[in-house]
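Asks: Take a look at the following structure, please.
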Amino acid sequence: ADTVVGAVGLVAKIVVTVLLVILTTTLLLACVFAFYVKTCLTEDIDVSLSDYQLSESSIIYCETSAGEYKELATLHGSENRIWVDLEDIPDYLVKALVAIEDHRFYEHKGVDWYRTVGAMFTMLTGGDDSFGGSTITQQLIKNLTGNKEVTVQRKLIEIFQALEFEKKYDKDEIIEWYLNAVYFGEGCDGIYTAAQKYFGKEPSQLTLAESATLASIPRSPVAYSPYSNPEKLLEETVLRRMYELGYISYDEYEQAKNEQLVFTRSDNEVADQEIYSYYVEAVIKDVTEDLMEQKGISQDTARQ
């Protein structure tokens, strides 16, 4: 029995020693890389919203016989987006997003160290190598820069970018940009087109249940698509998390959970397929030619 106990103790010591060596080496490399980033990559970690412009859709209006203007068509290039201010987004939509994506969003300074350390430990011990733990701030930076490379170096740079980013922008600005920048599947870039596509509403008209549904889609626009995978919706998961965090009452949770969601496809789906009336085509042609002449750009660039 003593021999067995001794053997188990020896194995435990070896395992602990190996883990400590790995942890120490990782921390040392992280410190070296941090010094390198701060001294050599200053420009790379400075991300400013003024350096980025989200591609937005254009709306064509026509004047009716009553002298009123009505929306005729929505045009877009590779991204279908209409900007919406934070004040026009329901508070429970913001809370739904925070609940499912980054529940310590209003507490951290750009990086959730609990999740980051946990994600790195999982990676080092042979678990999921996707380096999870990204905050809403980090996800926004990833969307703006387009750098989605899955490497430790990219992740570390992203951490420094997020820390610097939150020194310049407050939480409301970050949430507003995130909800307008992120992809919601089905050709919807930003919350406005997502609300129109899935529910035929503007964001301000969304119910709590609808908001919870939309907030979960960016995690995986294909896997959680209300059209292709309605059985995988995370609506109830988001609502339960909101209740656990104290964002909604139990009565609100129960009412939203039992709400029958009605999905629709928006009226501008014809525009999405680029099938326009002769009038709209004429407007596109005239505007394209004017942009080419005034800006000195190609036809393809002018039509984007």
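The values are calculated or read from the model by the stated rules, or taken from the named source; none is laboratory data. On a predicted model such as this, the values are computed, not experimentally measured, just so you know. Neighbour counts are summed over all protein chains in view; Cβ atoms, including those assigned to glycine, are modelled from backbone coordinates with ideal geometry. Side chains are part of the model used for accessible areas, which takes the heavy atoms of the whole protein and leaves out ligands, DNA and RNA. Shrake-Rupley method; radii C 1.70, N 1.55, O 1.52, S 1.80 Å.
Asks: Within region 198-210, work out how many residues are in a helix (DSSP H, G or I) and either in contact (Cβ under 8 Å) with a residue 40 or more places away in the chain or on the phi > 0 side of the Ramachandran plot (or both).
Replies: Summing the residues that are in a helix (DSSP H, G or I) and either in contact (Cβ under 8 Å) with a residue 40 or more places away in the chain or on the phi > 0 side of the Ramachandran plot (or both) in region 198-210 gives 7.
Asks: Consider region 80-116. How many of its residues are charged (D, E, K, R), touching an Asp or Glu at 6+ places or on another chain (Cβ under 6 Å) and open to solvent by 10 Å² or more (accessible area, probe 1.4 Å)?
Replies: 2
Asks: Restricting to region 1-27, count the residues that are modelled with pLDDT of 80 or more and either open to solvent by less than 80 Å² (accessible area, probe 1.4 Å) or of a type outside the set (Lys, Arg) (or both).
Replies: Adding up the residues that qualify gives 13.
Asks: Further, regarding this structure: Restricting attention to region 161-183, which residues are surrounded by fewer than 21 Cβ atoms within 10 Å (Cβ to Cβ), out of contact with any Leu (no Cβ under 7 Å at 6 or more places or on another chain), of a type outside the set (Ser, Thr, Tyr) and not in a loop (DSSP other than H, G, I, E, B)?
Replies: Answer for region 161-183, where residues must be surrounded by fewer than 21 Cβ atoms within 10 Å (Cβ to Cβ), out of contact with any Leu (no Cβ under 7 Å at 6 or more places or on another chain), of a type outside the set (Ser, Thr, Tyr) and not in a loop (DSSP other than H, G, I, E, B): 163, 164, 166, 167, 168, 171, 173.
Asks: Inspect region 196-205 for any residue being modelled with pLDDT of 90 or more and aromatic (Phe, Trp, Tyr) and give the result as yes or no.
Replies: Yes, the conditions are met somewhere in region 196-205.
Asks: Follow-up question, since we're still on this one. Are there any pairs, at least 6 apart or on different chains, whose C-beta atoms fall under 7 Å, with the first in region 7-30 and touching a residue at least 12 places away in the same chain (Cβ under 8 Å) and the second acidic (Asp, Glu) and surrounded by 10 or more Cβ atoms within 10 Å (Cβ to Cβ), and if so, which?
Replies: Filtered contacts from region 7-30: no entries.
Asks: Can I ask one more? Keeping to region 117-140, report how many residues are open to solvent by 10 Å² or more (accessible area, probe 1.4 Å) and modelled with pLDDT of 70 or more.
Replies: Number of matching residues: 4.
The rows are residues; the columns are (1) open to solvent by 20 Å² or more (accessible area, probe 1.4 Å); (2) at positive phi; (3) touching a Cys at 6+ places or on another chain (Cβ under 6 Å); (4) not charged (D, E, K, R).
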position: 185; (1), (2), (3), (4): no, yes, no, yes
position: 217; (1), (2), (3), (4): no, no, no, yes
position: 232; (1), (2), (3), (4): yes, no, no, no
position: 244; (1), (2), (3), (4): yes, no, no, no
position: 247; (1), (2), (3), (4): yes, no, no, yes
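Asks: How about region 211-290: which helices (runs of 4 or more DSSP H) wholly inside it have at least 1 residues that are modelled with pLDDT of 90 or more?
Replies: Ranges flagged: 235-244, 250-257.
A quick yes/no check of all residues on (1) hydrophobic (A, V, I, L, M, F, W, C); (2) under 17 Å from the mean Cα position of the chain (by Cα):
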position	(1), (2)
216	no, yes
223	yes, yes
227	no, no
231	no, no
236	no, no
254	no, no
259	no, no
